[in-house]
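Input: a single structure, listed below in structure tokens.
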């Protein structure tokens, strides 16, 4: 995995969706309750990666822990279409989870958060990192010049004069 020694910014054309998804194992001894959930996500990701992104809208993912993942989608409609498609891996797993857990999710909890991001209304910076997160699904570019500050990366101009810090000068680079 290539590590980029420079400060890099991520760029992705157009609007997109950031989807955080995770699980919490509340009763680890009830393996029959949480194992199906743990095994379902890798199958879904494999299915999504095998299909053309133009069809699914799935841009990529970044696992953050054993029980949490960040996914990137082209649109909410793409994400919803996949989630509700009976012929794809998610829908049967979703139904199975609620069938197994009944009216109470005491043994394992699941969660997700969906963020709809408008083009240009985000910023991302990476230093000494391999392609990660949005930088993995988008384009990595050097964070210099017009991309040097978070304010500039979000199209809000330069920081106020009293808030400007030249990281290279402070770091002695």
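The values are calculated or read from the model by the stated rules, or taken from the named source; none is laboratory data. Just so it is clear, the model here is predicted, and its values are computed rather than measured. Heads up, the Cβs are rebuilt from the backbone with ideal geometry, glycines too, and the neighbour counts pull from every protein chain shown.
What to note about this one:
- A count restricted to region 102-122 and to residues that are touching a strand residue (DSSP E or B) at 6+ places or on another chain (Cβ under 7 Å) and either at pLDDT below 90 or surrounded by 15 or more Cβ atoms within 10 Å (Cβ to Cβ) (or both) stands at 4.
- Strands (runs of 3 or more DSSP E) lying entirely in region 80-145 (those with 1 or more residues that are over 18 Å from residue 20 (Cα atoms) and over 15 Å from the mean Cα position of the chain (by Cα)): 125-130, 139-142
- Per-region count, region 66-79, residues within 12 Å of the chain's Cα centre (by Cα) and either closer than 21 Å to residue 38 by Cα or part of a strand (DSSP E or B) (or both): 6
- Of all the criteria given as (1) surrounded by fewer than 17 Cβ atoms within 10 Å (Cβ to Cβ); (2) over 24 Å from residue 15 (Cβ atoms); (3) out of contact with any strand residue (DSSP E or B) (no Cβ under 7 Å at 6 or more places or on another chain); (4) at pLDDT 90 or above, the one not satisfied by residue 89 is (1).
- Scanning region 128-146 for residues that are at pLDDT below 90 and within 9 Å of residue 8 (Cα to Cα) yields 141, 142, 143, 144.
- Selection of region 30-43 for residues being surrounded by fewer than 17 Cβ atoms within 10 Å (Cβ to Cβ) and either closer than 26 Å to residue 115 by Cβ or at pLDDT 95 or above (or both) yields 38, 42, 43.
- Close pairs from region 55-67: first free of Cβ contacts under 8 Å to residues at least 60 places away in the same chain, partner part of a loop (DSSP other than H, G, I, E, B) and crowded, with 16+ Cβ neighbours inside 10 Å, Cβ under 6 Å, at least 6 apart: 57/74
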